[in-house]
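Right, one structure below, let's go through it.
The values are calculated or read from the model by the stated rules, or taken from the named source; none is laboratory data. Only a predicted model underlies this, so the values are computations on that prediction, with no experimental measurement involved. Because the Cβ atoms are built from the backbone with ideal geometry, glycine has one as well, and the counts that use them run over all protein chains shown.
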């Protein structure tokens with residue numbers, strides 16, 4: 001299970017905010033020129049996938065403990081590259097910053113960065129590209 005986010009001075013994040021974020025984000029993923037084809041080949045039921053990801057992010061951000069998946073196993077079978085992770089994180093950051101107050105967005109972006117690093121490492125893709133980090137403000 002992913003580790004919980006550290007406490008911060010942000011207003012409490014709600015499950016409803018997470019659901020809106022996940023919904024909007026994955027709508028954008030589906031239309032993304034690099035990410036869309038990878039996800040289209042992997043996801044058959046988008047509403048179910050979005051519900052699962054709301055549970056995942058609720059476990060991360062709200063410590064609900066309801067997520068019972070294995071993110072590493074879920075990603076291992078797909079043709080994911082380091083560039084996909086960079087594109088995913090840039091899109092997550094943009095969507096979170098658009099929809100959430102700055103402190104909440106920063107917490108979720110930080111969690112996504114940590115989770116992404118772990119997945120990249122587990123999939124043998126190495127660390128984040130320094131140029132991509134600088135371009136997206138993560139340096």
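Points worth noting:
- Residue 111 satisfies every condition listed in (1) over 11 Å from the mean Cα position of the chain (by Cα); (2) surrounded by 19 or more Cβ atoms within 10 Å (Cβ to Cβ) except (1).
- Counted residues, segment 53-70 - those being under 18 Å from residue 116 (Cβ atoms) and buried (at least 16 other Cβ atoms within 10 Å of the Cβ): 7
- Check on residue 16, modelled with pLDDT of 95 or more and more than 13 Å from the chain's Cα centre (by Cα): yes
- Among the residues of segment 22-57, the ones that are within 19 Å of residue 97 (Cα to Cα) and not in a helix (DSSP H, G or I) come to 1 in all.
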